[in-house]
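Inspection log for the structure reproduced underneath, given as structure tokens.
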């Protein structure tokens, strides 16, 4: 990635990131274990990227941008991923998930929730992509969550996987 200000060039694309944006949920990067999915120092990464931003933007602009991005990452974690994650856990416990996740509408929708829409919402919010944040992210996240809740409720009520 390009050097800017006092920041040297790096090929480590996550070096300047605060959040983990690729996983099912977004914890803050906070590990020195190279095998850890949260490898890195999120707060230090944030300070590094702010140096890059300062080459063109005021601190007011940059601080506002990250405040909005942080709210989006937290919104995803708390309002979408956390409630959605509880649903397959309960269905699995009751034997109400297909063995093949790719033939189960519930499991496919859950995958899309975090892997597609969830990642687009978080990446869009923290990389300056408002269309991805809203229309391809949070709007579709809400649709997926409604669908998951509906399928979950039906399976719990009937004790069966719909055909």
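Laid out as a table, the results:
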{"read-out": "Any hit, the stretch 60-70, residues being surrounded by 17 or more Cβ atoms within 10 Å (Cβ to Cβ) and closer than 30 Å to residue 97 by Cα", "value": "no"}
{"read-out": "Within the stretch 50-76, considering residues that are in contact with a strand residue (DSSP E or B) (Cβ under 9 Å, 6 or more places away or on another chain) and in contact (Cβ under 8 Å) with a residue 40 or more places away in the chain, the one farthest from residue 150 (Cα to Cα)", "value": "55"}
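Every number here is computed from the coordinates shown, using simple stated rules; none is lab data. Just so you know, these numbers come straight off a predicted model, no measurement behind them. Here Cβ is always computed from backbone atoms with ideal geometry, including for glycine, and neighbour counts include all displayed protein chains.
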